[in-house]
1. Take the residues in region 23-61 that are open to solvent by 60 Å² or more (accessible area, probe 1.4 Å) and over 17 Å from residue 109 (Cα atoms); name whichever of them is nearest to the chain's Cα centre (by Cα).
2. If you go through region 271-300 one residue at a time, how many are in contact (Cβ under 8 Å) with a residue 40 or more places away in the chain and hydroxyl-bearing (Ser, Thr, Tyr)?
3. For region 80-113, give me each residue that is surrounded by 15 or more Cβ atoms within 10 Å (Cβ to Cβ), within 46 Å of the chain's Cα centre (by Cα) and β-branched (Val, Ile, Thr).
4. Any residue in region 441-458 that is at positive phi and either in contact with a Pro (Cβ under 6 Å, 6 or more places away or on another chain) or assigned to a strand (DSSP E or B) (or both)?
5. Of everything in region 246-263 that's assigned to a helix (DSSP H, G or I) and without any contact (Cβ under 8 Å) to a residue 60 or more places away in the chain, which residue is farthest from the chain's Cα centre (by Cα)?
6. Any residue in region 170-184 that is under 24 Å from residue 198 (Cα atoms) sitting within a Cβ distance under 6 Å of a residue that is open to solvent by 40 Å² or more (accessible area, probe 1.4 Å) and in a loop (DSSP other than H, G, I, E, B)? List the pairs, counting only those 6 or more apart or interchain.
7. Restricting to region 236-253, give me the number of residues that are in contact with a helix residue (DSSP H, G or I) (Cβ under 8 Å, 6 or more places away or on another chain), open to solvent by 10 Å² or more (accessible area, probe 1.4 Å) and of a type outside the set (Val, Ile, Thr).
8. Here is a check on your reading of the model: is residue 75 at pLDDT below 85, more than 30 Å from residue 263 (Cβ to Cβ) and either under 40 Å from the mean Cα position of the chain (by Cα) or part of a helix (DSSP H, G or I) (or both)?
Amino acid sequence: MTADLFGSAEPPREEPRVLTVSELTRAVRSTLEDQIGLVWVEGEISNYRKQPSGHQYFTLKDEQSQVACVWFARGGMRLKQTALSDGMHVQVRGALTVYEARGQYQLSVQTVQAAGAGLLQAKFEALKRKLEAEGLFDPDRKRALPQFPATIALVTSPTGAALRDMLNILGRRAPWVRVIISPVRVQGQGAALEIAAAITELSDLVTRGILPIDVIVVGRGGGSIEDLWEFNEEVVARAIVRSAVPVVSAVGHEIDFTIADFAADMRAPTPSAAAELIVPDGEGLRRYLQDWRNRLLRVSSGFLLREKSRLAYLSRAASPQSLLRTLREYAQRVDTAGDILRRTIQEKRFQSERQFMELRARLREHLPDRQVPLCRHRLAAARARLESSARAQALEQRNRFARMETLLKALSPEAILARGFTITSLKGGPIVRSVEQLPPGTELTTRLRDGSVDSTAV
C-alpha cells in the first residue's frame, strides 16, 4: 500500500473475473437462445451441402449480411426434406443458437418454404374455404363430360407448350374434333380477368346458339405457385361455375392444385392428360367398330346359312303328295273340331233352357198375387199372438198388484193398531224403541186404534 503526499492510503483493488472461452461462448449462447429464440428469416441460399447423415448445411444471405444455417435430419434419420440448392430465395424458421466448437452463431432450421409462398398459401386456403362454404366445389353440382365431343374450346396461352401438347394429342386421338383456341395470358397481373372473360364469352356464344361447344379446357404448363396464381383467383372460379358448358381444369403438373381445379367439372393432372381424358382414342374406336363389324358378319353369315338349309328342307318337303296329305289331315282336324263345337253348343243350349225353366218356376212362386195373401195371413196370426200376450201380461200385473196391496195393508201401522197394539213415541219425536230413551220426566205420546194419549215417564 502506498501513501500520497497527505499520507492517505489507496483503496484495495478488486481482482477481475477471467472467463474461459467455453464459458464465454455458453453465456453468449444462453443469451441468444433466451432473448431471441425462434425467428423467421428470409434470404438467399449459398454454400449448400448435404451430409450422408441427412443433415443440411448452408448460408442464408442478403445484400449486406449472412448467417450460417443447419437443418438436422429428425432423430438422426434421413427423412425426406425440402430439396434445397444454391441461389434459392427462401424463408426459414429456426432457433438462433451458437456452435460452441467454433464460437459461431447459427440458425437451427425447423421449417423452410419458398419466399412469398407462405402468404400465398394462406390466401389460397382462405379462398378455398370461402368458395367451398358457398357450394362451388359441391360434387353434385359438377356435370359429366360428353362421351364424344364434336367441338372443344381451349383457353390457354397461344405460345405455350401446353397448347402444342393438347393439339398434338387431340389430332392423334380424335382428328374429327373441331378445336377452338381462345388465346389468353396465363401469368402476370390481369391474366385472371382475361381467363374469366374468355370462359364467359365462350359460354355466352353457346347460350345464344351462335357456336356449339361441348367442352372448355382451361390450362397451362407447370410453374411455381406464383406462376400459377392467376388460376387461384376468385373471378376465374366463379366464371367456371357459371359456364353453360362443362369445364376441365388442366393447370400445371400432377402435384399442383389450384382453385380452378376444385371449381371445374373435372380436373386433369396436366394439359396432355386433359386432351386424353376428354376425347376417345380414335384408333381404339376403329378397332372397336371393326370388331363389331366382324361379329355382325359372322352372325349374319350363320343366320343366312341356317335359313338356306331350312329353305332347302321345306322345298323338299313341299311335294304335291305331301301337300295333299297335309291338306287332308287338316281337313279331318277341321271336321273333328266342328263336331266337338256342335256338341258343345247343343249342350250349352240344353243347359241354358233348364236354367231358364228353373228361374221361371222360382219367379212364379214369388209373384205378388201369391205372396200378398200369405203375408196377410202371417200378419193376422202375429197380431192375434200379440193381443193375447198383452192381455195375459196385463192380467198378471193386476194380480201382482192385488197381492202387493194386501201385503202392504197387513203390514201397515193401522192394521197393527186394529189388532190391539199401541205405538209410543217421544212427544213430537221418534218412536221409542228402548227404556234407555225414557229418563224420568220424558213426555210421551201413545197412539191407539181410535186416538192418542199423552203421558210422562217416571
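The values are calculated or read from the model by the stated rules, or taken from the named source; none is laboratory data. What you see is a predicted model, and the numbers here were worked out from it, not measured in a lab. We place every Cβ from the backbone using ideal geometry, glycine too, and count neighbours over all the protein chains shown. Side chains included, ligands, DNA and RNA excluded: accessible areas come from the protein's heavy atoms. Shrake-Rupley method; radii C 1.70, N 1.55, O 1.52, S 1.80 Å.
1. 52
2. Here the count works out to 1.
3. Across region 80-113, the qualifying residues are 90, 92, 109, 112.
4. If we filter region 441-458 for residues that are at positive phi, which is where we start, we get 441, 451.
Then drop every residue that is not either in contact with a Pro (Cβ under 6 Å, 6 or more places away or on another chain) or assigned to a strand (DSSP E or B) (or both), which leaves 451.
Among the residues of region 441-458, at least one is at positive phi and either in contact with a Pro (Cβ under 6 Å, 6 or more places away or on another chain) or assigned to a strand (DSSP E or B) (or both), which makes the answer yes.
5. Step one: list which residues in region 246-263 are assigned to a helix (DSSP H, G or I), which gives 259-263.
From what's left, without any contact (Cβ under 8 Å) to a residue 60 or more places away in the chain: 260-261.
On the way: 260: 25, 261: 23 Å.
Looking at residues that are assigned to a helix (DSSP H, G or I) and without any contact (Cβ under 8 Å) to a residue 60 or more places away in the chain, I get 260.
6. 183/158
7. Within region 236-253, residues that are in contact with a helix residue (DSSP H, G or I) (Cβ under 8 Å, 6 or more places away or on another chain), open to solvent by 10 Å² or more (accessible area, probe 1.4 Å) and of a type outside the set (Val, Ile, Thr) number 3.
8. Yes; evaluated as a whole, the condition is true for this residue.
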